[in-house]
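Data first, discussion second: the structure below is written as structure tokens.
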Amino acid sequence: MVQISKSKCVCCHRCALFCPVAAIRSGRDGASWIDEAICVECGVCVRNGCLSGAIRRRRSPWPRSVRALFSDPVTKHRSTGVPGRGTAESKTNDVTNRIQPGQVGLNVELGRPGVGTSFHQVQQVTRRMAKAGAGFEEQNPLTHLMSDRRRGVFPRELWPERVLSVVVEASLPLEELAGVLKELRAVERKIGTVFSVSVYCRWADRRRMLALVDRRRLLPQAKVNVGLGRARRQR
Amino acid sequence: MSHTLHREGRRRDLRGEFIVMSMAAKGINDAGAGPKLRRFLRIARKHGAVSVSDVKSVMHAVFTDIGAVESVLRDLRRARLGLSVTVTGLVAPIHRACCRSEVAEEPHTVAHSLGVWGNRRRLPSETVLSVMTMCGHSLVSVPLVEQAVASVRAGVCSPRAAAVKLAEPCVCGIFNVDRAARLIARLARSGKRR
């Protein structure tokens, strides 16, 4: 939980400028305060927002602890049983071979860019994806929080928790990609937040994968794993 | 997470932006990876990276020139570090750089962004979005970008100084100060707001 000390606040409101989710307000006395319902505990105000040392952070209890875990890139909380908040995805695929020829990886990052999301909204997406047959990535911390992975459901106590963004990771056969994207198109008309979507595959499957997506949505850039990684036997 | 992949921007702006990243795979080749990652950073600096960073043993280097990326890939191939290397940017130049540096005729894996879906009315203007998505963790706020633009417009600071300030919250150091300065100057000239 992040709080501002009234006795130390010099009312400059610098912290409000830095807050990515507009959770910092000004009181009648001029001092800043944090709306705890909106705060995602990303830590930006703690690191960059205050020159007078008025902002303090305490470890939040479960389930609020997920806010910092998914919102603050430097947090090392392990309440999910999986360190970090995502996996290496395509970045180490030349070593792990997680995505095999004929397969596609699908990442849906809810709340990004800069809007934030609740777990209730995350579940709106994961339920649709599960319905279309997407298998959620085992090593992703979000998957570990699901109470029913087959249906993409989270415990009710998590639903109101807000985070800056979370990554839903799934892998599926290439021929099933169109079905999952169709479900995402259906949910995007109803959801109150934004989500960034990416797909990845082996270079040799690239044309097949791109034939299955709406080209008008494609951003011009891509992330290319050049293939320099080598697996080594470790003790 | 694909935090370098979802950068918004026009094709002509993205022509001068390439992010090279290196990391080890946990439990497979991460033992003794420290010196190799440091070697990666030395190679990146040698070829003029505008920004380098190390977050949780994932190394990033930002380049503004594909020729430099090609040289980095050539040196990495010769160094035989065995770590995974990804390059984010326009696909065709990256593919050519892979071929010319003799890293591979065909890269291994490719990830494409399908952009932002959902309630897009909650997003700021295209140019503000181009600035804030340079921080892959979305830690650069819209008000901070707006204030930077206002400061430049008022003559309080230069676009570059404003861009350096904007880069402060970006903990993984992939915020491209050069490109941000150009975008801020454009916003300040146009007088556009959110």
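The values are calculated or read from the model by the stated rules, or taken from the named source; none is laboratory data. Just so you know, these numbers come straight off a predicted model, no measurement behind them. Note that each Cβ is placed from the backbone with ideal geometry, even for glycine, and that neighbours are counted across all protein chains shown. Note: accessible area is taken over every heavy atom of the protein model, side chains too, but ligands, DNA and RNA are not part of it. Shrake-Rupley method; radii C 1.70, N 1.55, O 1.52, S 1.80 Å.
What the table shows:
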item: Heavy-atom accessible surface that A and B bury in contact, both chains counted, 1.4 Å, Å² to 100; result: 6800
item: q = 0.18, 0.23 Å⁻¹, the range B:74-134: log10 I(q)/I(0) [Debye, one scatterer per Cα]; result: -0.77, -0.99
item: Whole-angstrom gap from the range B:40-70 to the range A:115-173, using each part's C-alpha centre; result: 34
item: Ratio of the Cα radius of gyration of the range A:89-217 to 2.2 N^0.38 Å, where N counts its residues; result: 1.02
item: GNM result for chain A, Cα springs below 10 Å: residue of A:A130, A:A22, A:A204 fluctuating most strongly; result: A:A204
item: Size of the protein assembly as shown as Cα extents on the principal axes (Å, biggest first); result: 64, 50, 46
item: Debye, to nearest 20: dipole size of the protein assembly as shown, +1 on Lys, Arg Cβ, -1 on Asp, Glu Cβ; result: 480
item: Charge context of A:D214, other residues only, Cβ under 13 angstrom, K/R +1, D/E -1; result: +4
item: Positive-pole candidate from B:A97, A:L106, B:V72, dipole of the protein assembly as shown, charges at beta carbon; result: B:V72
item: Mean accessible surface per residue for the range A:144-235, computed with a 1.4 Å probe while every protein chain stays in place, in Å²; result: 49
item: Size of electric dipole in the range B:120-190: Cβ of Lys, Arg +1 and of Asp, Glu -1, about Cα centre, debye, nearest 20; result: 240
item: Cα-Cα separations in the range B:37-194 greater than 25 Å, expressed as whole percent; result: 40
item: Aspartates and glutamates whose Cα lies under 19 Å from that of B:K165, excluding same-chain neighbours fewer than 8 positions away; result: B:E146, B:D178
item: Gyration tensor (alpha-carbon) shape descriptor, the range B:14-53, a/c threshold 1.5; result: oblate
item: Pairwise centroid distance, computed over Cα atoms, of the range B:1-38 with the range B:145-194, Å; result: 24
item: Rg to Rh quotient for the range A:1-144, alpha carbon positions, Kirkwood Rh; result: 1.06
item: Fluctuation leader among A:G102, A:G133, A:G111 - chain A, Gaussian network, Cα springs under 10 angstrom; result: A:G102
item: Whichever aspartates and glutamates have a C-alpha closer than 18 Å to that of A:K182, once near sequence neighbours (fewer than 8 apart) are set aside; result: A:E109, A:E169, A:D214
item: Longest to shortest principal axis, alpha-carbon extents of the range B:11-100, angstrom; result: 40, 25, 22
item: Where trypsin sites (Lys or Arg not before Pro) fall in DSSP loop in the range B:25-106, at most 14 other Cβ within 10 Å; result: B:K56, B:R80
item: Within 10 Å of each Cβ in A:163-170, the average number of Cβ atoms from other chains; result: 2
item: Kirkwood hydrodynamic radius of the range A:142-219, Cα pairs, Å; result: 14.8
item: 0 to 90° range, to nearest 10: angle between helix B:91-100 axis and chain B longest Cα axis; result: 30
item: Net dipole in debye of chain A [+1 Lys, Arg Cβ; -1 Asp, Glu Cβ; about Cα centre; nearest 20]; result: 360
item: Three principal axis lengths of the range A:15-71 [C-alpha, angstrom, descending]; result: 32, 21, 18
item: Karplus-derived HN-Hα couplings along the range A:123-132 (A = 6.51, B = -1.76, C = 1.60, θ = phi - 60°), whole Hz, x at Gly and Pro; result: 5, 4, 7, 5, 5, 5, 5, 4, 4, 7
item: Exceeding the 21 Å Cα-Cα cut-off - candidates B:K36/B:K56; A:K91/B:K56; A:K190/A:K223; A:K91/A:K190; A:K131/B:K26; result: A:K190/A:K223; A:K91/A:K190; A:K131/B:K26
item: Crossing angle, helix B:142-153 versus chain B [Cα axis fit, 0-90 degrees, rounded to tens]; result: 70
item: Computed P(r) (all Cα pairs; the range B:120-190; 10 Å bins; percent); result: 23, 58, 18, 1
